[in-house]
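Data first, discussion second: the structure below is written as structure tokens.
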Amino acid sequence: MAKPHIEVLVDWNDDGDFGDSDEDITSDVLRVSLDHFRDMKTEYMDGRIGTLELKNDDHKYSPSKGTITGLKPGRPAWIKAWYPYDAFTGDANTALSAHTPDEDSDFTWVDPTARNFELDGSGAARTDSGGSGYYLGYLEFNDTDVTIACDFKRGTDATDHGGILLRYVDSSNYGHVRVDGSTIKIFENVAGVHNEVSTANHTWADSTSKFLEIRVHGTSVRIFVDRVEIAMSNSGTMDDAAFNAGTKHGLISSGVADHTWDN
């Protein structure tokens, strides 16, 4: 049975992020349920309802006794559920193709170019130090329409850029989203030729980690950075018969670089 990796965060101080003290409550979550309800008269679906059961033996989440500043109703909550999932834990220099994803072992990382991603030893993936040209690493999702995301830390390399690999068919036919310091771009690689099809201005400072999320459905590619959708030119499309049916997705870098991918 598929077992998703779940993280739960609450913006207690309502400042628009989930990175402050006590805002990652995952370790205290005992049960999570997500439900959709349908209006029987109109047949419209209502918004999804999330229910959390928390460990509270120390009264951390009790309004009258709690130790959390901002413990009030209506605070934004973010439930992340991913499958498959990989935290890239393991020894440094371990090739990604020799590493088993955390959730789960039925999935296998594949390196189709002899230029491998590897573990950095601190819970992230990186390019190895040898070879030249594009680095590709993918999992077989058995689905063309997916949401794939990671904590992407853009390093200091201004020449070779990293991102997310989409709908890989072979080393000459795939799509990908690539990040540099001032733009995010969607590319189609058709018969070995990389064509830029959509772009957006976005400042991504050196040595900065952001949550990069790509949602692919049909010909649409929607890009989110730290939960905010990025408006792409040409409506963010990616459409070519060479890879429309591709079900393999993963990581990409245009060369050896100091970028890292996590979660």
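The values are calculated or read from the model by the stated rules, or taken from the named source; none is laboratory data. Fair warning: this is a prediction, and the values are worked out from it, not measured in the lab. For neighbour counting, all protein chains shown are included, and Cβ atoms are generated from backbone atoms with ideal geometry for every residue, glycine included. These accessible areas exclude ligands, DNA and RNA; they are computed on the full protein's heavy atoms, side chains included. Shrake-Rupley method; radii C 1.70, N 1.55, O 1.52, S 1.80 Å.
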Only residues in the range 65-78 that are of a type in the set (Lys, Arg) count as the first member; pair them with residues that are in a strand (DSSP E or B), Cβ under 6 angstrom, at least 6 apart or cross-chain, and list the lot.
Arg75/Val10
So which strands (runs of 3 or more DSSP E) are wholly in the range 212-263 and hold at least 1 residues that are open to solvent by 50 Å² or more (accessible area, probe 1.4 Å) and in contact with a helix residue (DSSP H, G or I) (Cβ under 9 Å, 6 or more places away or on another chain)?
220-225
Just to check your reading of the model, which residue among Arg154, Arg167 is under 20 Å from the mean Cα position of the chain (by Cα), crowded, with 16+ Cβ neighbours inside 10 Å and on the phi > 0 side of the Ramachandran plot?
Arg167
Filter the range 195-211 down to the residues that are open to solvent by 60 Å² or more (accessible area, probe 1.4 Å) and either more than 22 Å from Thr260 (Cα to Cα) or of a type in the set (D, E, K, R) (or both), then identify the one that is nearest to the chain's Cα centre (by Cα).
Asp206
Quick check: is even one residue across the range 13-24 open to solvent by less than 50 Å² (accessible area, probe 1.4 Å), closer than 20 Å to Tyr83 by Cα and touching a strand residue (DSSP E or B) at 6+ places or on another chain (Cβ under 7 Å)?
no
Does Ala87 satisfy being open to solvent by less than 90 Å² (accessible area, probe 1.4 Å), over 20 Å from the mean Cα position of the chain (by Cα) and within 30 Å of Arg115 (Cβ to Cβ)?
no
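Which of the residues belonging to the range 66-82 are open to solvent by 60 Å² or more (accessible area, probe 1.4 Å) and of a type in the set (Lys, Arg)?
Of everything in the range 66-82, those that are open to solvent by 60 Å² or more (accessible area, probe 1.4 Å) and of a type in the set (Lys, Arg) turn out to be Lys72, Arg75.
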Modelled with pLDDT of 95 or more, in a loop (DSSP other than H, G, I, E, B) and among the β-branched types (Val, Ile, Thr): is that true of Thr203 in this structure?
yes
Is it the case, given these coordinates, that Ser132 is exposed (fewer than 15 other Cβ atoms within 10 Å of the Cβ) and under 15 Å from Gly250 (Cα atoms)?
no
Sort out for me the strands (runs of 3 or more DSSP E) sitting completely within the range 1-56 that have 3 or more residues that are under 21 Å from the mean Cα position of the chain (by Cα).
5-10
Would you confirm whether any residue within the range 50-65 is among the hydrophobic types (A, V, I, L, M, F, W, C), touching a Phe, Trp or Tyr at 6+ places or on another chain (Cβ under 8 Å), open to solvent by 60 Å² or more (accessible area, probe 1.4 Å) and over 30 Å from Leu136 (Cβ atoms)?
no
